[in-house]
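Peer 1: Structure in structure tokens, see below.
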Amino acid sequence: YDAARGVLRCAAVHGFDDDLVGFEFRADAGLAGRAIAEGRPVRSRDYAEVGEEVPSPAYAGFERALVAPIAWGDAIRGVLGVGTRDAQREFGDDDADVLGTLASLAALALRNAESFAERSRQARIQRGFFLIAEELGGPLSRGQTLAAIAQAAAQALGGSAVAVLTPGPAAHVLAGAHELPGQLEAALADGPPAAALVEAAVERRLLASPRIADDDRFDEAWRDLAAAAGMRSLLAIPIEAPRGEEAALAVVLFAEEHAFADDDLDLARQIARAARGALDRAELYEAERSRRTLAQQLAETGSQLATELDPAAVLEQVVEQAAVLLEADAASIRSLEGDELVVAAGVGDEGEAALGRRTPATAWPAGDVVHSRAPVGIADVARSGRIVDGEPVLGEGFAAYLGVPLYGRESALHGVLAVYAAEPRTWRDEEVEALAALAGNASVALSNAELYQRVALEREQSVAILANIADGIVAVDREGTIVLWNAAAAQITGVPREEAIGRTPGQVLQRDLQSEGTGPGGARLVSIARGGEELWLSLSEAVMRDPVGAVAGRIFAFRDISSERIVEQMKSDFVSTVSHELRTPLTSIYGFAETLLRQDVAFGDEERRLFLGYIASESERLTSIVDALLNVARLDTGDLQVQIVPTDVGQVVRESVSAAQAAGEGNGHSFVLELEEAALTAAADAEKLRQILDQLIQNAVKFSPDGSAVTVAARRRIDAVEVAVVDEGVGIPQAEQQRIFTKFYRADAGQRGAGGAGLGLFIAQGLVAAMGGRIWVDSAEGRGSTFAFELPVTRQGE
């Protein structure tokens, strides 16, 4: 029974459709009205007797009814009614007494239930106060505090879910929740809350809605949303925010309809006071934690900037650190050049894209920073009403801006350091202070870097001179530790600068460079080891002295004269080798010629032909030596001429092997010829190819035992024809395989008496290269050698 509204609302049924629950009747009409008015059970023979219409379609078909008031003392709590569809059934006095008794028992039960509910509510309120003190009493982060407020409000008020809304730059936003249904969470996360809730926060008043579905303070969309989420009642509690901002709001939602008593409202106010204190503590906690974090980051940034001496690099580091420091979406530095601001550094896609953009130094908001020489913070550009066309980064769609002045040398304004946020953002005091401190560190670093540039330019000039001179320059300090090791020194000695700096010359080169005594030594020759080889240096030394005359360091200059010594040695070896090679055939020629010229001996025709044969063969040998020397000269000067034409490699191989056999070069060797049946046509010079084969076959015979086999093979590769000469000789040590193709190198002459000028393989390699091919060796000691080369195949149409 709702006396204020004058209605009866159906609370429970038996024998009716459950849809009747919740149906409302007029409390001043019909049998129920009479029972309430007379305070006793009343009955009817049928509804027509009392002249009332059927109050609900659910009553259709009932013949008689009996209604008794549910009363406690003088207070009517409702009515208890029964009906029958049996036309023969009549309700008598006994029925009225029974129903009246049941109504009295119902009134007693309701009173007991209300008393229990009241005691439970009081206990819940007490628990609520305890929970509020427990949950919100200690210092927590802002996020933890908002979550604790939601949980404490739910438990203290018995709510089913709680949403905590905090003021943002544009609207209240969802900042904390407890058991919030997904529909409500999504709606509050995507847009502003209902207007009634915003008004309650702005006006700082409690908003109680026992029946959201019937509350016209909410629009239809919000009522439907609450119904879909299963929420029937709500209590909105405004919470004062720190620093005089708009109030936050804790919205407590109830799955069941909830009548809010004064105790509930008092408890809500207690929650608001405790939440305000918790938010204050959270603000202090966050500020202190933020200050510590920002201080640590600033210290690290300061250390990094202190080591950077390039102004451009300083700007890049500062703008990168600014974005990280304030967790911003972009940052920029705009340098002041005359009456313009130029974007000199930026991070974020928009910041980097704006590099080099120029705007007037008066354009808002950077112009305000330039004019005031003070920080300028904007929480929401859209709400400022200002045009941002003059700000190249902010105009790309950013919502929040914070700029501070940046100074250079002699406290002159260098420009503006700014950070940007994609969403509206209130800049905290400690964030403004941190960005200003970063700008201060940057100002010091810029001053140091710009001053350093003067010295660095002079130093670079000196370094450039040292780096480009051919002589190695090494400087040591007073203790003999290397402090300078130029590029020429690294190239000459083979020791990188990184390995030399900080060590002594003795540790680096395994010998001291310093002369005896304290004075400088004259130019002298010294030898050092480099990769197993001996290196000869022409060394000079200079002594540096401090103002009191003590030795403060030494400078050594040296150049590598090993190549000169090697050239001299090679010249000597060449002269010796060529002299020997030429002397042998010349001696034979001279000897046989002198013999033939003797008058005291009569030689027969056979002897004369023999002697002349020796003279002819030795002359041919002498000619081959001279030709080899001419080929070497042509290879050295690049004058070697080759005639590249399609050449049948197989035919040339056959001719070379046949010639070797016919010339008697076999010495008992057997020759094995392996040729593919396919065409072996290569782009080559047939004469030069034959010369290469003759040299390789001669070497195979020379360095392999009598009676062994020499295999000559030719085969087609994808883009080349490969020729290989394989012997069963003594093989070549691994250490010598890289040297056998060098000029004047000769294998151990003790191997079968092998000698020569050391030019054969050098010439063979040069001829192969001149024809566009390559040559290599595969060998192991005691297991013979394979010399192979390949020449490019003849392509279609060549």
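The values are calculated or read from the model by the stated rules, or taken from the named source; none is laboratory data. Small disclaimer: the values here were computed from a predicted structure and weren't measured. Virtual Cβ from ideal backbone geometry, glycine too; neighbours counted across all protein chains shown. These accessible areas exclude ligands, DNA and RNA; they are computed on the full protein's heavy atoms, side chains included. Shrake-Rupley method; radii C 1.70, N 1.55, O 1.52, S 1.80 Å.
Peer 1: State all residues of the stretch 345-384 that are in contact with a Gly (Cβ under 7 Å, 6 or more places away or on another chain) and among the small types (Gly, Ala, Ser); if no residue qualifies, say none.
Peer 2: Within the stretch 345-384, Ala354, Ala361, Ala363, Ala366 meet the criteria.
Yes or no, residue by residue, for (1) exposed (fewer than 15 other Cβ atoms within 10 Å of the Cβ); (2) among the hydrophobic types (A, V, I, L, M, F, W, C); (3) modelled with pLDDT under 80; (4) in a strand (DSSP E or B):
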| position | (1), (2), (3), (4) |
| --- | --- |
| Ala278 | no, yes, yes, no |
| Arg292 | yes, no, yes, no |
| Ala295 | yes, yes, yes, no |
| Thr301 | no, no, yes, no |
| Gln317 | no, no, no, no |
| Ala328 | no, yes, no, no |
| Arg334 | no, no, no, yes |
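Peer 1: Criterion first (free of Cβ contacts under 8 Å to residues at least 12 places away in the same chain and at positive phi) does Glu352 satisfy it?
Peer 2: No; evaluated as a whole, the condition is false for this residue.
Peer 1: Under 9 Å between Cβ atoms, which residue pairs at least 6 apart in sequence (or on different chains) link something in the stretch 1-27 that is over 11 Å from Ala58 (Cα atoms) and acidic (Asp, Glu) with a partner that is open to solvent by 50 Å² or more (accessible area, probe 1.4 Å) and in a loop (DSSP other than H, G, I, E, B)?
Peer 2: That search, which allows pairs on different chains as well, returns Glu24/Arg5.
Peer 1: Sticking with this one: What tally of residues in the stretch 167-192 results from selecting those that are touching a strand residue (DSSP E or B) at 6+ places or on another chain (Cβ under 6 Å) and modelled with pLDDT under 85?
Peer 2: Qualifying residue count for the region: 2.
Peer 1: Next question, about the same structure. So which of Ala464, Ala490 is part of a helix (DSSP H, G or I), of a type in the set (A, V, I, L, M) and out of contact with any helix residue (DSSP H, G or I) (no Cβ under 6 Å at 6 or more places or on another chain)?
Peer 2: Answer to the check: Ala464.
Peer 1: In addition: Among the residues of the stretch 2-28, write down those that are open to solvent by less than 40 Å² (accessible area, probe 1.4 Å), out of contact with any helix residue (DSSP H, G or I) (no Cβ under 9 Å at 6 or more places or on another chain) and among the hydrophobic types (A, V, I, L, M, F, W, C).
Peer 2: Answer for the stretch 2-28, where residues must be open to solvent by less than 40 Å² (accessible area, probe 1.4 Å), out of contact with any helix residue (DSSP H, G or I) (no Cβ under 9 Å at 6 or more places or on another chain) and among the hydrophobic types (A, V, I, L, M, F, W, C): just Val7.
Peer 1: Can you list the helices (runs of 4 or more DSSP H) lying wholly within the stretch 343-390 that have 1 or more residues being farther than 14 Å from Tyr401 by Cα and open to solvent by 30 Å² or more (accessible area, probe 1.4 Å)?
Peer 2: In the stretch 343-390, 349-353, 366-372 are the helices (runs of 4 or more DSSP H) which contain 1 or more residues that are farther than 14 Å from Tyr401 by Cα and open to solvent by 30 Å² or more (accessible area, probe 1.4 Å).
Peer 1: So Ser515 fits all but one of (1) surrounded by 12 or more Cβ atoms within 10 Å (Cβ to Cβ); (2) at pLDDT 80 or above; what number is the exception?
Peer 2: Answer for Ser515: the failing condition is (2).
Peer 1: Still on this model: Please go through (1) over 60 Å from the mean Cα position of the chain (by Cα); (2) loosely packed, with under 11 Cβ neighbours inside 10 Å; (3) modelled with pLDDT under 70 for Gln599 and return the number of the only condition it doesn't satisfy.
Peer 2: (3)
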